[in-house]
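Enquirer: So that we are looking at the same thing, I have put the structure below in structure tokens.
Bear in mind that the values in this text are calculations on the coordinates, not laboratory data. All values derive from a computational prediction rather than experimental measurement. Using ideal geometry, Cβ is built from the backbone for each residue, glycine included, and neighbour counts are taken over all protein chains shown.
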């Protein structure tokens, strides 16, 4: 998988609400009513990621979830990352 150019990443971000480029990763942070809802979201992300065969880095802090996408093997952001970000956006909040 080939990493995307800066221009391709910016174009992808235009269609990925709530995602940002931070330290070379696509990052999304969400806050939920409580821990149970945060974990339900993480479990939904896990199912989508497993089907895609591409897994985000996930940080859970009580009701806050941070997702980070980058294709380590490619050394940057690839089509796999932007495609998974879109699938995650389609999940219920």
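Enquirer: Hey, rough spin-label estimate for residue 20 and residue 79, points 7 angstrom out along Cα→Cβ, what's it come to in nanometres?
Expert: 2.9
Enquirer: Kirkwood hydrodynamic radius, computed over distinct alpha-carbon pairs, for segment 19-64: how many Å, to one decimal?
Expert: Working: mean 1/r = 0.0873 Å⁻¹.
By the Kirkwood definition, the hydrodynamic radius is 11.5 Å.
Enquirer: What does the extension gain come out to for residue 47 and residue 62, with contour length at 0.36 nm per residue minus their alpha carbon separation? Mind dumping the intermediate values first?
Expert: On the way: separation 15, 0.36 × 15 = 5.40 nm, distance 2.05 nm.
Full extension from residue 47 to residue 62 adds 3.4 nm.
Enquirer: Hey, how many Å between the Cα centroid of segment 1-28 and the Cα centroid of segment 41-93?
Expert: 13
Enquirer: Further question: Determine, from the Cβ-Cβ distance of residue 10 and residue 40 and an R0 of 22 Å, the FRET efficiency 1/(1 + (r/R0)^6), rounded to the nearest 0.05. Display every interim value, and only then the final one.
Expert: Details: r = 32 Å, r/R0 = 1.45.
Here the calculated transfer efficiency is 0.10.
Enquirer: Once every DSSP H run of n ≥ 4 in the chain is given -39500 (n - 2.57) and the sum is divided by its residues, what mean residue ellipticity at 222 nm do you get, rounded to the nearest 500 deg cm²/dmol? Provide the component values of the computation, followed by the final result.
Expert: Numbers: 3 runs with 38 residues, N = 93.
Calculated at 222 nm, the ellipticity per residue is -13000 deg cm²/dmol.
Enquirer: Taking 0.36 nm per residue of sequence separation and subtracting the Cα-Cα distance, how much length would be gained by fully extending the chain between residue 1 and residue 89, in nm to one decimal? Mind dumping the intermediate values first?
Expert: Values: separation 88, 0.36 × 88 = 31.68 nm, distance 2.22 nm.
Difference between extended and current length: 29.5 nm.
Enquirer: For segment 6-89, what value does the Rg/Rh ratio take when both radii are computed over Cα atoms and Rh is the Kirkwood radius, given to two decimals? Intermediate results must be reported in sequence, preceding the final value.
Expert: On the way: Rg = 12.5 Å, Rh = 13.0 Å.
Rg divided by Rh gives 0.96.
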